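Peer 1: Questions regarding the structure given below will be posed in turn.
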């Protein structure tokens, strides 16, 4: 009996010891979790600060560096972040400056190209007038009146370009109206026939042709195409540039065909790319602007070519 009585008491003591041990371990485990949380929070705090600053860091905006006075591993990381931030801001400034300069260079090229286009027919008209005066042309009054009208139109075009550029720093906004196409083509042929490098022929037909377009842009489109066609013909070849048109119920397609050297296969995909040119002079914006202006009128422009035989450009315009 005493033995069994002591056995029960022993089990009670062991049970009490185990309960106390478990409580101690639970307390120690809770304390360790709390300490680990505090330590991890102190370790990750600078990382969270860096994360928040990285979220606010954007190219071109003012970003503040992180202030960290403690000398430890985190301070080295923050120092690298601040150094990277400083380099990023300097790079952003240089990039913005480069983009502005590039934009102004492109704008200057466009304006120079647009101004140069009216100057060519003006020069040709004056040269034609000088030759007519030297040759005692019988219809001098009519010729003077015709060339004067051309010069006034081109001067008005130059004035519009200069005015729009000074006001808005961009090319003139197009005004799409009902334009008689044949008159524009005949006018372009008369202007560039005086160049002497190639004969410009327009296959006319009876009746008027009206399209929806901007007249000034239309003159520049065909002026560019005719001038490029003349320049593509070598000096030793008798140059001929032919203008034809075909019409359907909804549109009119004008073709400008030359008998020049054609376009090499490796350059076919670059013809309408800005700043690309096969000539030693020029900005390479002519055909790119032709494409932009024609598509702005709702039309299309494309070409076909045979090397050393010639090239034909097609301009499809919407009827009005």
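The values are calculated or read from the model by the stated rules, or taken from the named source; none is laboratory data. Not measured: the values here are computed from a predicted model. Counting neighbours? That spans all protein chains shown, and the Cβs are built from the backbone with ideal geometry, glycine included.
Peer 1: Looking for whichever is at pLDDT 90 or above and farther than 23 Å from residue 184 by Cβ here; the options are 305, 246, 253. Which one fits? Talk me through it step by step, then tell me what you get.
Peer 2: On the way: 246 fails: farther than 23 Å from residue 184 by Cβ; 253 fails: farther than 23 Å from residue 184 by Cβ.
From the options 305, 246, 253, the qualifying one is 305.
Peer 1: Continuing with the same structure: Looking only at segment 131-151, which residues are within 45 Å of the chain's Cα centre (by Cα) and farther than 24 Å from residue 184 by Cα?
Peer 2: 131
Peer 1: What about residue 52, is it at pLDDT below 75 and either assigned to a helix (DSSP H, G or I) or within 35 Å of the chain's Cα centre (by Cα) (or both)? Before the answer, list the steps.
Peer 2: Details: at pLDDT below 75: no; either assigned to a helix (DSSP H, G or I) or within 35 Å of the chain's Cα centre (by Cα) (or both): yes.
For residue 52, the condition - at pLDDT below 75 and either assigned to a helix (DSSP H, G or I) or within 35 Å of the chain's Cα centre (by Cα) (or both) - is not met.
Peer 1: Now for a different question. Let me confirm something: among 126, 74, which residue is surrounded by 12 or more Cβ atoms within 10 Å (Cβ to Cβ), part of a helix (DSSP H, G or I), more than 36 Å from the chain's Cα centre (by Cα) and modelled with pLDDT of 80 or more? Talk me through it step by step, then tell me what you get.
Peer 2: Details: 74 fails: modelled with pLDDT of 80 or more.
Of 126, 74, the one residue that is surrounded by 12 or more Cβ atoms within 10 Å (Cβ to Cβ), part of a helix (DSSP H, G or I), more than 36 Å from the chain's Cα centre (by Cα) and modelled with pLDDT of 80 or more is 126.
Peer 1: Oh, and also: Residue 34: assigned to a helix (DSSP H, G or I), at pLDDT 80 or above and under 25 Å from residue 222 (Cα atoms), yes or no?
Peer 2: Values: assigned to a helix (DSSP H, G or I): yes; at pLDDT 80 or above: yes; under 25 Å from residue 222 (Cα atoms): no.
So residue 34 does not fit the description; no.
To keep it simple, each residue is scored yes or no on (1) in a loop (DSSP other than H, G, I, E, B); (2) in contact with a strand residue (DSSP E or B) (Cβ under 7 Å, 6 or more places away or on another chain); (3) under 15 Å from residue 314 (Cα atoms).
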site	(1), (2), (3)
183	no, no, no
188	no, no, no
193	no, yes, no
199	no, yes, no
223	no, no, yes
236	yes, no, no
249	yes, no, no
252	no, yes, yes
267	no, no, no
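Peer 1: For segment 208-218, enumerate the residues that are touching a helix residue (DSSP H, G or I) at 6+ places or on another chain (Cβ under 6 Å) and closer than 12 Å to residue 183 by Cα. Lay out the reasoning, then the answer.
Peer 2: Here is the first cut: in segment 208-218, the residues touching a helix residue (DSSP H, G or I) at 6+ places or on another chain (Cβ under 6 Å) are 209, 211, 216-218.
Correct list: 209, 211, 218.
Peer 1: Restricting attention to segment 206-216, does a residue exist that is in a helix (DSSP H, G or I) and either modelled with pLDDT of 90 or more or over 24 Å from residue 305 (Cβ atoms) (or both)? Before the answer, list the steps.
Peer 2: Residues of segment 206-216 that are in a helix (DSSP H, G or I), as a first pass: 215-216.
Filter once more, so that each one left must be either modelled with pLDDT of 90 or more or over 24 Å from residue 305 (Cβ atoms) (or both): 215-216.
Yes, there is a match, as at least one residue in segment 206-216 is in a helix (DSSP H, G or I) and either modelled with pLDDT of 90 or more or over 24 Å from residue 305 (Cβ atoms) (or both).
Peer 1: Also, quick follow-up: Among the residues in segment 233-240, are any over 29 Å from the mean Cα position of the chain (by Cα), touching a residue at least 24 places away in the same chain (Cβ under 8 Å) and more than 26 Å from residue 123 (Cα to Cα)?
Peer 2: Scanning segment 233-240, I find no residue that is over 29 Å from the mean Cα position of the chain (by Cα), touching a residue at least 24 places away in the same chain (Cβ under 8 Å) and more than 26 Å from residue 123 (Cα to Cα), so the answer is no.
Peer 1: Please count how many residues of segment 254-265 are in a helix (DSSP H, G or I) and on the phi > 0 side of the Ramachandran plot. I'd like the intermediate steps shown before the answer.
Peer 2: Pass one, segment 254-265, residues in a helix (DSSP H, G or I): 265.
Those still in the list that are on the phi > 0 side of the Ramachandran plot too: none.
Matching residues across segment 254-265 total 0.
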